[in-house]
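Participant: Next up is a structure, given as structure tokens.
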Amino acid sequence: MNIALLHQVLEALPDPAAVFDTRLRPLSVNKAFTAENSRHLDIEQRSGDETFQHHWQRALRGERTEFVWVSGQPARHWRISLSPLFSASRTVESVLLTIRDIQLEVEAQENERFFRSVLENLPIGLHQFTPEGWSKDMNQAQRDILGEMHPALQHQPYNVIADPINRRNGLHALLEEVKHRKIPVSREMLLKYVEQEEENVTRIQPLYYEATGFPVLDKEGEIAYLFLILSEITEKKLAVLSLEKSERLLHTIVENLPVGYIQFDNYGFIRRVNQTQRRLYDSAGLNEEQLGLNELFLRVLQEGKVVRIEKKLEYTLDVPGGKVERELFLDLTMFPVEDPVDKDQLVVALVNDITEKKRQEIENTKAQEFLLQTGEIGKIGGWELDMGTGKMRWSAQTYKLHELPPYAAMTVEKALSFYTGDSRKKMEQAMAACMSRGKAYDIQITLSTARNNVIQARTIGRPEYRNGRIVRIYGVIQDVTEQYKIRDQLSRNTELMRLFFDTIDMGYAVMDKDGRVNFINRKAQEIVDHGKVIGRNIFEVFPMLVGSTFHARVQQCIQQQAPVSFFNYLPELDKWYEFLLAPMQDGSISIFTRNITESKKMQRELRKANDQLSALNKYLVNQNKQLEDFAHITSHNLRAPIANMKALMHIMSETDNEEERVLYVGMFKEVIRNIDETLNDLIEVVQIRKDLNVEKERLSFSDRLQKVKDILFVDIESSGIRITTDFTVAPDIEYPRIYLDSILQNLLTNAIKYRSRERSSTVHFRSWVVDGGVVLSAEDNGIGIDMERYGGKLFGFRKTFHKNKDAKGIGLFITKSQIEAMGGTIEAYSKPGAGTKFIITFRNE
Amino acid sequence: MKPLHSIFIVDDDPIHQQITQIMLDRQHISDAVKKFSDAQEVLEHIREHRDNAAQLPDLILLDLNMPVMDGWEFLEAFSAVRETLCKPVRVYVLTSSIDEKDRERVNDFDFVEGYLTKPLTSDIIGQLGQ
């Protein structure tokens, strides 16, 4: 071989290269080899190395071979190639050895492997797509999310943008936005459900993800790839949802508290007022300023603790025919609260209307004053005996009663000395029994005063216990001389009274507080229609009175010591009686009664007639309204096709041209179809309005909505509308099934038909209760409607407001007819571009 | 030369549009009968061509009961525009309504030349041309 030529060839090679003879002696070496070899490799030195020897032997056998050689610290990589050079006789004469530094290559590979494994093992799903949405690659987490049955994992082409499911869950919109704006976009979405087994129950749990789409742009700024990152956030989402739910619950509780509730933020702005408070404001025409809440608010904030005050407000109320002055007592409690979530300082005011209680208190004070006065007038004095000291105390009135100067020293003996004979004995016994056994007494005795005047006295004594021992005896003493005289007189008058009471046309009886009849006049005797009643217990003679209204009112009369009047129906006699019960001084009760059956019955008849009249009136008003509706419908909707028909007949009769006639026949068909359709719609409506007693049943909103969703499955799928519900407050209703289905179907159809193309469509159904009646709302985010312009016609027959081909203008008319036929109302709230909300108030159940 | 240069039929009922056009054509009353289903479109057309007599109709036959913009709204809007037009545009209401209330309400618009109930007859068409 021409060694000079070999030198030149080797030198021309860019990589280090050398030619060795078969015994590994260099024949020719280029400069690059010399440099590289001496710097890093030292081939001659390491030629004994096993790998090298293996490949060297293969080269000597005539094979081309190469291997990677690692050397140095940190390790560098070279690829060593050995190429045998043959002599003319095909024997290996020498070997060409070239060296390539593959360090960068190795590092790049290593990097890629590293990043791949990182991405592969990321705990979030990562999915790579072509700009058109075709699935390219994904990591393990993403495979787990999609599940092995997902088409993207079935080795089939899968397009994420074309997948109809993604139109519903929002992924489609997200990726379109990424493509359109070429920026990362993140959104929370519900992507799938998992089944969870829990003690024989399979629960379907929704999984929420934060989905982030981002584009990878090429040098020209065009999208090279779309990436999707899915990160599961179910727990966070569920926590947020349950927080919202508990907030709603709290709101409901606060709203329905029986006391007024006002919540302020830390600037003093009112953030929440519940209905009790609103009612209070409304009924009295008050505002916060009048309640003086500003000062209180400052106090609460400064002191950081509960402040409670009572407040009296005077206000004027407009009533028909003038103004009245009213007063209002409020119990205001204000306290600071820290918002558990954002740690804001809140202040809450609880407002309790205590006017009634206050009024009662004032009444009580008055009553007490009155009692004091009665003490004077009724000649009642008080006394007490301290059992420990044996000291006796009398009130001024007691001294007066005994005709002693006030505050003369008093002992038990001295007190007893005013009684003589039987009275003294009675008094001593009563006192002894009270002191030893705690027996209270209420006795009437004769008392001889300091000035030797004899009076009749009633004395009452009661023990007071402390730790089980009698520590005090106290009581009153009353001068009943006059009553005594009167009673004496009374007994003489009884006969006279009987004569008097027998002549009045009213039942009259006197009974003691246990029910024993002491007096009964002739009329009352007739009413009870029973043998001897006098002297017997009325509740034993007439057991049906036990627990009756009469019984309850007797007790009320005894307890309150005030007259009570009431009506009572006695079913055994089919008669109504009016009663007046009046307590008498001796504890018995006067009963006045008269038969009011006739007037009561008349009253009831009157009320019944009135009810019927107003029902009839309502029915007539409804009928009138319907007649007006139908007059309008026939004038507009039926006349139009008939006018068309008339005109068609006319133009048809004026032509002999066969072609034209064929055209007219076609038009005739269309007109007749139109009339037919209008008539069918009308018949449907008439049927609803006629069928007022259609059968009702208890229906669950969510069941019925599911049924409707099944029917509208195709429309729901193709529109991608997201349907959400909240029927927790009012889950069901008593209603005709076909009506409820039709109402729900019309509401849902409307939301689908008039959805907006600019956003993913949603409709939310919610039910709740107002004043005992169920209310249902359906709120969508569709194109909405200009209520100012079309509000008046929204529920009209054959009224349409959109250029939408599907619009027939019959759905809402039927919905309104069905709701009104059952006594309910429907309202709509909307703005163009801002969706529509329908609120249906079903009649109070 | 026909009595009227052009007539606009404004009605959302396609059958009625067609019948009316046939009847108008038969009496050779106008060179151009144009049909519109949307009153809004007519209003925009008129506004746009307020200075172009050739594009403005001589006569409008207006239905009352229409979606989106009904006849009443059209009349309200038109009463504001008509003073600015370069030639007089006559308006007739042509409706299926025989409701007296509608008839009275049309009287509020004094520029409306007549309240016609559907269908048109040859006699009435003859009068329109005068």
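The values are calculated or read from the model by the stated rules, or taken from the named source; none is laboratory data. In this text the structure is predicted, and so the values were computed from the model without any measurement. Quick reminder, even Gly has a Cβ in these numbers, built from the backbone with ideal geometry, and neighbours come from all protein chains shown. Side chains included, ligands, DNA and RNA excluded: accessible areas come from the protein's heavy atoms. Shrake-Rupley method; radii C 1.70, N 1.55, O 1.52, S 1.80 Å.
Participant: Yes or no: the range A:227-237 includes at least one residue that is outside any strand (DSSP E or B) and open to solvent by 60 Å² or more (accessible area, probe 1.4 Å).
Facilitator: yes
Participant: From the list A:A640, A:A631, which residue is at the interface with chain B (Cβ under 10 Å from one of its Cβ atoms) and either surrounded by 16 or more Cβ atoms within 10 Å (Cβ to Cβ) or at pLDDT 80 or above (or both)?
Facilitator: A:A640
Participant: Give me a count of the residues in the range A:407-431 that are exposed (fewer than 12 other Cβ atoms within 10 Å of the Cβ) and either outside any loop (DSSP other than H, G, I, E, B) or at positive phi (or both).
Facilitator: Of the residues in the range A:407-431, 4 are exposed (fewer than 12 other Cβ atoms within 10 Å of the Cβ) and either outside any loop (DSSP other than H, G, I, E, B) or at positive phi (or both).
This table checks each residue for (1) within 14 Å of chain B (Cβ to nearest Cβ); (2) in contact with a strand residue (DSSP E or B) (Cβ under 8 Å, 6 or more places away or on another chain); (3) surrounded by fewer than 17 Cβ atoms within 10 Å (Cβ to Cβ).
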| site | (1), (2), (3) |
| --- | --- |
| A:M652 | yes, no, yes |
| A:V671 | yes, no, no |
| A:T678 | yes, no, no |
| A:V685 | no, no, no |
| A:R698 | no, yes, yes |
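Participant: To continue, here is another question. Just name the residue that is farthest from the other protein chains (Cβ to nearest Cβ) out of those in the range B:98-117 that are within 12 Å of B:L64 (Cβ to Cβ) and touching a Lys or Arg at 6+ places or on another chain (Cβ under 7 Å).
Facilitator: The qualifying residue farthest from the other protein chains (Cβ to nearest Cβ) is B:Y115.
Participant: Moving on to the next point. Can you tell me which of B:D110, B:D102, B:D123 is open to solvent by 30 Å² or more (accessible area, probe 1.4 Å), of a type outside the set (A, V, I, L, M, F, W, C) and either part of a helix (DSSP H, G or I) or at positive phi (or both)?
Facilitator: B:D123
Participant: Would you mention how many residues in the range A:448-468 are in contact (Cβ under 8 Å) with a residue 40 or more places away in the chain and either touching a helix residue (DSSP H, G or I) at 6+ places or on another chain (Cβ under 7 Å) or on the phi > 0 side of the Ramachandran plot (or both)?
Facilitator: Count: 1.
Participant: Next question. Going by what's in this entry, would A:V454 be described as within 14 Å of A:G381 (Cα to Cα) and of a type outside the set (F, W, Y)?
Facilitator: So A:V454 fails the test.
Participant: A further question on this structure: For the range B:14-47, which positions are open to solvent by less than 30 Å² (accessible area, probe 1.4 Å), in a loop (DSSP other than H, G, I, E, B) and within 14 Å of chain A (Cβ to nearest Cβ)?
Facilitator: Passing the criteria: only B:D38.
Participant: In addition: Considering the range A:441-481 alone, what residues qualify as being under 19 Å from A:Y419 (Cα atoms) and loosely packed, with under 14 Cβ neighbours inside 10 Å?
Facilitator: A:D442, A:A450, A:R451, A:N452, A:N453, A:V454
Table: residues versus (1) more than 21 Å from A:M506 (Cα to Cα); (2) open to solvent by 40 Å² or more (accessible area, probe 1.4 Å).
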position	(1), (2)
A:G531	no, yes
A:V546	yes, yes
A:Q561	yes, yes
A:F566	no, no
A:Y569	no, yes
A:L581	no, no
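Participant: While we're on this one: Show the residue pairs that are 6+ apart or on different chains and have beta-carbon atoms under 8 Å apart, the first residue being within the range A:24-43 and under 14 Å from A:H77 (Cα atoms), the second being at pLDDT 75 or above and of a type in the set (D, E, K, R).
Facilitator: Short answer, once both residue conditions are applied: A:E36/A:D101; A:H40/A:R76.
Participant: Moving on. Say we look at the range A:766-795 and pick out the residues that are out of contact with any Leu (no Cβ under 7 Å at 6 or more places or on another chain), touching a residue at least 60 places away in the same chain (Cβ under 8 Å) and open to solvent by less than 60 Å² (accessible area, probe 1.4 Å); which of these is nearest to A:G835 (Cα to Cα)?
Facilitator: Checked the range A:766-795; the qualifying residue nearest to A:G835 (Cα to Cα) is A:S777.
Participant: Just one of B:E73, B:E83 is open to solvent by 40 Å² or more (accessible area, probe 1.4 Å), away from chain A (no Cβ under 14 Å) and part of a helix (DSSP H, G or I); which is it?
Facilitator: Step by step, each of B:E73, B:E83 is checked, and only B:E83 is open to solvent by 40 Å² or more (accessible area, probe 1.4 Å), away from chain A (no Cβ under 14 Å) and part of a helix (DSSP H, G or I).
Participant: Has the range A:732-754 got at least one residue that is in contact with a strand residue (DSSP E or B) (Cβ under 9 Å, 6 or more places away or on another chain), within 27 Å of A:M189 (Cβ to Cβ), outside any helix (DSSP H, G or I) and not small (G, A, S)?
Facilitator: Within the range A:732-754, one or more residues are in contact with a strand residue (DSSP E or B) (Cβ under 9 Å, 6 or more places away or on another chain), within 27 Å of A:M189 (Cβ to Cβ), outside any helix (DSSP H, G or I) and not small (G, A, S).
Participant: Show the residue pairs that are 6+ apart or on different chains and have beta-carbon atoms under 8 Å apart, the first residue being within the range A:372-387 and at pLDDT 80 or above, the second being open to solvent by 20 Å² or more (accessible area, probe 1.4 Å) and outside any strand (DSSP E or B).
Facilitator: Once the first residue is at pLDDT 80 or above and sits in the range A:372-387, its partners that are open to solvent by 20 Å² or more (accessible area, probe 1.4 Å) and outside any strand (DSSP E or B) give A:W383/A:S395; A:L385/A:K391; A:L385/A:V412; A:M387/A:M435.
Participant: Go through A:L104, A:L119 for me and flag whichever is assigned by TED's automatic domain parsing to the domain that holds A:L27 and assigned to a helix (DSSP H, G or I).
Facilitator: A:L104
Participant: Can you report the number of residues in the range B:48-62 which are open to solvent by less than 10 Å² (accessible area, probe 1.4 Å) and in a loop (DSSP other than H, G, I, E, B)?
Facilitator: Residues that pass the stated criteria total 2.
Participant: Being free of Cβ contacts under 8 Å to residues at least 40 places away in the same chain, open to solvent by 60 Å² or more (accessible area, probe 1.4 Å) and assigned to a strand (DSSP E or B) is the filter here, so list the residues in the range A:74-101 that pass it.
Facilitator: A:R76, A:R79, A:F86 - these are the residues of the range A:74-101 that are free of Cβ contacts under 8 Å to residues at least 40 places away in the same chain, open to solvent by 60 Å² or more (accessible area, probe 1.4 Å) and assigned to a strand (DSSP E or B).
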